[in-house]
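Report on the following structure.
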Amino acid sequence: MALSIDEARAQVLAAVRPLPSEDVAVQDALGRVVAEDVVAQRDVPSFANSAMDGFAVRSGPAGRALRIVGEARAGAPAAVAVGDGEAVRISTGAALPDGADAVLQIELATVDSDQVTLDDEVDPGRNVRPAGDDVREGETVLPTGTRMGAAEIGIAVVAGRGTVACARMPRVVVLATGDELVAPGGPLGPGQLHNSNAATLAALATQSGARVVRTGVVADTEEATRAAIAAALDEADMLVLSGGVSVGPHDHVKPALQALGVQEVFWRVALRPGRPTWFGTRDDTLVFGLPGNPVSAMVTFMLFARPALGAMQGAPHEPERIIAHLDEAIPRHPDRDECVRVTLHDGFATPTGPQGSHQLSSMVGADGFAIVAAGSGSALPGDQVVVELA
Ligand code: AMP
Ligand code: MG
């Protein structure tokens with residue numbers, strides 16, 4: 001009895017050893033996962049400042065005529081304090097001068113040489129951004145496990161950080177097996193096809209925060225397969241193979257892995273597409289033998305290898321799932337759960353078109369996989385279905 005998707009994924013995650021951390025310059029941390037709580041070293045902003053161009057004043061009624069006694073600019077605080085009957089010209093972001101408790105914007109002030117008349121009443125705190133208005137000193141701005149996007153990089157900078165401790169990027173080697181494979185853009189001879197798996201699997205790994213150290217093509221011989229895998233095992237935290245894991249006479253991956261001491265954890269998942277998926281480990285290195293069909297390779301990477309890469313980096317790796325309604329009938333496979341590629345709209349899931357495991361067009365634009373459970377008959381229009389987001 002083959003494993004379910006969830007059982008197989010649990011076995012993969014149980015084999016993951018988190019990678020050590022390293023300091024990364026914050027501007028280089030895009031896509032990295034922080035391995036520490038990033039804590040603000042001071043209030044942000046660190047000083048009260050003006051939200052407007054205008055005049056820093058003491059709060060009070062409209063109609064006051066004040067003497068302009070100085071200027072506060074961004075990066076150049078005023079040299080003087082604001083007293084009664086006084087104002088300081090102020091720019092957006094400049095420190096609020098001592099003595100002032102508000103700013104009146106320039107549009108509501110009438111200037112006559114060194115005097116300004118306030119055309120509006122000024123309440124305390126008007127147009128002032130207090131210190132700590134964004135982030136408080138000691139506040140955790142990024143908890144351990146956060147993946148760094150643009151905003152996360154920004155908040156780490158304002159929190160005072162030049163570097164952040166991040167999980168080392170998993171080193172991934174992708175090997176595509178098959179005598180029929182031709183490099184992208186190359187001319188096709190009889191019976192040949194373009195090697196899309198190396199490109200799609202490397203792209204998926206990169207999107208998961210990995211460093212793809214090498215992609216390669218392996219001929220369908222025992223010796224070539226064994227040599228390529230032996231070299232890859234020495235440089236990879238994760239080895240991803242495509243093709244050659246079925247039971248044909250030219251499928252050399254499993255015996256090669258066995259000969260090289262990679263321990264099988266599972267082979268075969270009750271899944272369509274992707275039944276022949278193989279997973280094993282050698283020490284801390286994870287090895288996936290993914291089926292060669294282009295859709296099967298992508299789907300099984302997304303179901304099993306992607307969460308493993310997340311877990312290696314200490315990132316959340318629970319699959320993102322939603323419930324949607326099918327908008328057309330889908331015949332159930334008798335004993336395999338099917339990952340139907342769908343687009344999502346208004347709570348409905350629509351298959352992307354023909355769903356053959358060789359039809360890569362079914363992956364393009366897909367929002368996720370509707371998991372149509374094995375069984376008899378069909379899942380019907382309107383039925384609820386779990387969709388794992390792509
Ligand atoms: P296999 O799992 O090796 O039996 O391959 C199954 C199918 O996937 C065959 O039709 C292969 O030609 C195709 N295939 C295998 N490897 C690749 C690849 N790297 N890129 C695109 N198609 C592939
Ligand atoms: Mg093959």
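The values are calculated or read from the model by the stated rules, or taken from the named source; none is laboratory data. Nothing here was measured: the structure is a model prediction, and the numbers come from that model. Heads up, the Cβs are rebuilt from the backbone with ideal geometry, glycines too, and the neighbour counts pull from every protein chain shown.
A compact table of results
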read-out: Among (1) touching a residue at least 60 places away in the same chain (Cβ under 8 Å); (2) away from ligand 2 (no atom under 16 Å from the Cβ); (3) among the charged types (D, E, K, R); (4) surrounded by fewer than 16 Cβ atoms within 10 Å (Cβ to Cβ) - the single one D114 does not satisfy; value: (1)
read-out: Residue, surrounded by the most Cβ atoms within 10 Å (Cβ to Cβ), within the stretch 258-288, restricted to residues that are of a type in the set (V, I, T) and part of a loop (DSSP other than H, G, I, E, B); value: T277
read-out: Residue in the stretch 216-237 that is under 18 Å from G274 (Cα atoms) and within 13 Å of ligand 1 (Cβ to nearest atom) present; value: no
read-out: Looking only at the stretch 176-221, and only at residues there that are within 15 Å of ligand 2 (Cβ to nearest atom) and farther than 19 Å from L360 by Cα, the one that is surrounded by the most Cβ atoms within 10 Å (Cβ to Cβ); value: V218
read-out: Any chance E318 is modelled with pLDDT of 95 or more, closer than 23 Å to R268 by Cα and either under 26 Å from the mean Cα position of the chain (by Cα) or not in a loop (DSSP other than H, G, I, E, B) (or both); value: no
read-out: Condition check for L233: surrounded by fewer than 18 Cβ atoms within 10 Å (Cβ to Cβ) and either under 23 Å from the mean Cα position of the chain (by Cα) or of a type outside the set (D, E) (or both); value: no
read-out: Of the criteria (1) closer than 24 Å to M238 by Cβ; (2) touching a strand residue (DSSP E or B) at 6+ places or on another chain (Cβ under 8 Å); (3) in contact (Cβ under 8 Å) with a residue 24 or more places away in the chain, which one G149 fails; value: (2)
read-out: Residue tally, condition within 24 Å of R268 (Cα to Cα), surrounded by fewer than 16 Cβ atoms within 10 Å (Cβ to Cβ) and touching a residue at least 12 places away in the same chain (Cβ under 8 Å), over the stretch 334-369; value: 4
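Each row is one residue, and each column tells you yes or no for (1) under 27 Å from G368 (Cα atoms); (2) within 16 Å of ligand 2 (Cβ to nearest atom).
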| residue | (1), (2) |
| --- | --- |
| L239 | yes, no |
| S242 | yes, yes |
| V245 | yes, yes |
| P255 | no, yes |
| V265 | yes, no |
| A270 | yes, no |
| P276 | yes, yes |
| V287 | yes, no |
| L290 | yes, yes |
